[in-house]
Amino acid sequence: MELKKTALHDIHVKLGARMVEFAGFHMPIQYHSIREEHIRVRKTVGVFDVSHMGEIIISGPKALEMVQKITINDAAKLEIGQVQYSAMCYPDGGIVDDLLVYRFADHYMLVVNASNKDKDYQWILKNKIDDCQVIDQSDAFTQLAVQGKKAEETLQKLTDVNLAAIKFYWFVEGKLADVPMIISRTGYTGEPGFELYFANEYAEKVWNAVMEAGKEFDIEPIGLGARDSLRLEKKMCLYGNDIDETTNPIEAGLGWITKLDKGDFIGREALLKVKEEGPKRKLVAIVLEGQGFPRHGYKIFKDGNEIGHVTSGTVSPILNKGIAMGYVAKEFARVGTELEIEIRAKKVPAIIIKPPFV
């Protein structure tokens, strides 16, 4: 099957990006050093092409009822212009996907993970109720994430919208670089920043305008490699690693978005049971005290006994230490617990910390 290309594909190639297959797309994993790109976002500002993400529109008289049925957070509390982090679950409590819910005046937009988009869309259609419409508009959007402490200053040069007035997890519809778009104060890096959604035909125009506006802050294009290490330093879950159909939101530390008292939703009964009985394992943040690169699937030990496994790991460019997320049996999940991670047949000492890592 031929890989999809974002509207910015040619720019990435021209910039010399290392392109890889990701979620059916030809995407930039890095432009030069992942470490340098990571530090650029932490220090000033970087721009990511995340147009591979999925956008699914739910509209009609029963749109809210539909969103409430399929997501675990309480969308009824959303005001127009507000964004909510949520997830969808299977009846057994396993996670279909984590996502963002955007509330507009007359519809909702679900922003889902690229690798799950088709699966999510089919799941939503399977559970669709009458008097609402579900449309996959993913191919119509270019999405840029402009992230870092200088993101607001960079973008403010390009718009009359008062960006400082947009609160965290809120959005406005306005013009930036003379292009109509959704301007959302959201991101996947733990830094201040915005995500911009607009029509594909304006992709190069907006990209070039943002890069020019950020020149004074040494803005750089950032690949998916640094996006992963940035989110990991802030203990943000990645679907397929830290959460999937075999994990539930309670054990994954997502109890805060699981609103069991909002009324019925898919997976509620199973999650009520987990809540009442307590999870058997927990997703924890781990820092290596020895040298090593913890990777997905590596075993976690306590006193010689295997108690869990790593779900995500890297060497933090900020801490210069190995960091990881992983599931461990609940009796070993306390902050301060000393563990070992098996790396290439060697057990490396580590400790559970209170997240985020930085």
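Here are the numbers for the structure shown:
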| item | result |
| --- | --- |
| All positions within the range 264-301 that are part of a helix (DSSP H, G or I) and open to solvent by 100 Å² or more (accessible area, probe 1.4 Å) | E269, K273, K275, E276, E277 |
| Test: residue in the range 219-226 that is farther than 30 Å from G326 by Cβ and assigned to a helix (DSSP H, G or I) | no |
| Exclusive hit being more than 23 Å from the chain's Cα centre (by Cα) and of a type in the set (K, R), set K175, K167 | K175 |
| Filtered residues of the range 188-200 (kept if closer than 18 Å to L158 by Cα and outside any loop (DSSP other than H, G, I, E, B)) | G193, F194, E195, L196, Y197, F198, A199 |
| Residue tally, condition among the β-branched types (V, I, T) and within 30 Å of P28 (Cβ to Cβ), over the range 49-78 | 3 |
| Positions within the range 108-137 being in a strand (DSSP E or B), more than 21 Å from I243 (Cβ to Cβ) and out of contact with any helix residue (DSSP H, G or I) (no Cβ under 6 Å at 6 or more places or on another chain), in sequence order | M109, Q133, I135 |
| E36 being closer than 22 Å to T314 by Cβ and either open to solvent by 50 Å² or more (accessible area, probe 1.4 Å) or more than 19 Å from the chain's Cα centre (by Cα) (or both) | yes |
| Counted residues, the range 46-96 - those being within 30 Å of S229 (Cβ to Cβ), of a type in the set (D, E) and surrounded by fewer than 24 Cβ atoms within 10 Å (Cβ to Cβ) | 1 |
| The range 63-96, residues that are on the phi > 0 side of the Ramachandran plot and either in contact with a strand residue (DSSP E or B) (Cβ under 6 Å, 6 or more places away or on another chain) or aliphatic (A, V, I, L, M) (or both) | G81 |
| Qualifying residues in the range 230-246 (those that are open to solvent by 10 Å² or more (accessible area, probe 1.4 Å) and not charged (D, E, K, R)) - the one nearest to G190 (Cα to Cα) | M236 |
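The values are calculated or read from the model by the stated rules, or taken from the named source; none is laboratory data. None of these values were measured; they are calculated from a predicted model. Cβ: placed from backbone, ideal geometry, glycine included. Neighbour counts: every protein chain shown. Accessible surface areas use protein heavy atoms only, side chains included; no ligands, DNA or RNA. Shrake-Rupley method; radii C 1.70, N 1.55, O 1.52, S 1.80 Å.
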